[in-house]
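The values are calculated or read from the model by the stated rules, or taken from the named source; none is laboratory data. The model shown is predicted, which means the values in this text are computed figures rather than measured ones. Positions of Cβ are backbone-derived with ideal geometry, glycine not excepted, and every protein chain shown enters the neighbour counts.
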Amino acid sequence: MSEVRTLVIDGHDVAATADQTVLSAARENGIHIPTLCHLQGLSDIGACRLCMVELEGSPRLVASCVTRVEEGMRVTTVSERLNAYRRRVVEMFFLERNHVCAVCVANGSCELQGAARDLGLDHFELAPLHPEVAVDATHERFVLDQNRCILCSRCVRVCAEVEGAHTWDIQGRGADARLVSDLGTPWGSSTTCTSCGKCVQVCPTGALFEKGRSVAEPKARRPYLPYLVDHSRA
Ligand code: SF4
Ligand code: SF4
């Protein structure tokens, strides 16, 4: 049994075990922190930077999904500084690819769209990059549309950690980073993919979807993923 830590989150006294993250402790106590790459049951990697919080005594923001609770910690999850930071993070996700919600299969159920709405992001201040990226429709049942991919790596982790197939990886860095199957083989020619569909179910946007899905058709099988192993509490 892990030792108990007491901390303060947004003015509330919270008890958590030493192995819990700040995100997990907050959620267990009904305190919402937005995330895009976190998913219960998968390892946390702090990729999306949306779950950043303020720690008293620390000049920098920290990712709550990969920060362990500590005794006496004082955490702030809502502030003008955090809102501005999160709005910029979400804006960058939109601008780095080509997100045209009106013609997207995930319109209405997209977690990126939901984060933008929750943060009041109603216009962009920076210019879009409009990269030319590929759509891979070679799989008999599923499609990867890189235009909608935010590189959260949920698909990479669920495929490796739950299905054990390890089909996906992220190749390249920065603006050139791309999701690839079998180290660059078209998805339809993958020798590792079992066609289980787990990656499609965990994708927060319309980047992975089942063939035949129409624009804005709800993802009927969320919520969600009973096969995920509950090792991360929240
Ligand atoms: S369908 Fe299953 S095995 Fe294939 S890439 Fe997705 S998660 Fe991996
Ligand atoms: S395809 Fe979806 S789940 Fe995979 S990295 Fe891109 S946005 Fe995340």
Verdict on Val100 being within 29 Å of Gly184 (Cα to Cα) and out of contact with any Lys or Arg (no Cβ under 7 Å at 6 or more places or on another chain): yes
Any hit, region 126-145, residues being closer than 19 Å to Asp44 by Cα and either among the aliphatic types (A, V, I, L, M) or assigned to a strand (DSSP E or B) (or both): no
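Condition check ((1) surrounded by fewer than 16 Cβ atoms within 10 Å (Cβ to Cβ); (2) not in a helix (DSSP H, G or I)) across all residues:
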| site | (1), (2) |
| --- | --- |
| Ile33 | no, yes |
| Arg60 | yes, yes |
| Cys65 | no, no |
| Glu71 | yes, yes |
| Val89 | no, no |
| Ala106 | no, yes |
| Ser109 | no, yes |
| Ala115 | no, no |
For Gln201: the one exception among (1) of a type in the set (S, T, N, Q); (2) under 15 Å from Cys159 (Cα atoms); (3) in contact (Cβ under 8 Å) with a residue 24 or more places away in the chain; (4) away from ligand 2 (no atom under 12 Å from the Cβ): (4)
Within region 73-87, considering residues that are in a helix (DSSP H, G or I) and either among the small types (Gly, Ala, Ser) or within 18 Å of the chain's Cα centre (by Cα) (or both), the one farthest from Val8 (Cα to Cα): Arg87
Qualifying residues in region 187-212 (those that are closer than 28 Å to Ala116 by Cβ and more than 22 Å from the chain's Cα centre (by Cα)) - the one nearest to ligand 1 (Cβ to nearest atom): Lys211
Hits in region 8-31 (condition: of a type outside the set (Ser, Thr, Tyr), crowded, with 22+ Cβ neighbours inside 10 Å and in a strand (DSSP E or B)): Ile9, Ala16
Test for Arg157: is it under 26 Å from Leu82 (Cβ atoms), surrounded by fewer than 17 Cβ atoms within 10 Å (Cβ to Cβ) and not aliphatic (A, V, I, L, M): no
Test: Val53 is in contact with a Gly (Cβ under 7 Å, 6 or more places away or on another chain), modelled with pLDDT of 95 or more and not assigned by TED's automatic domain parsing to the domain that holds Glu96: no
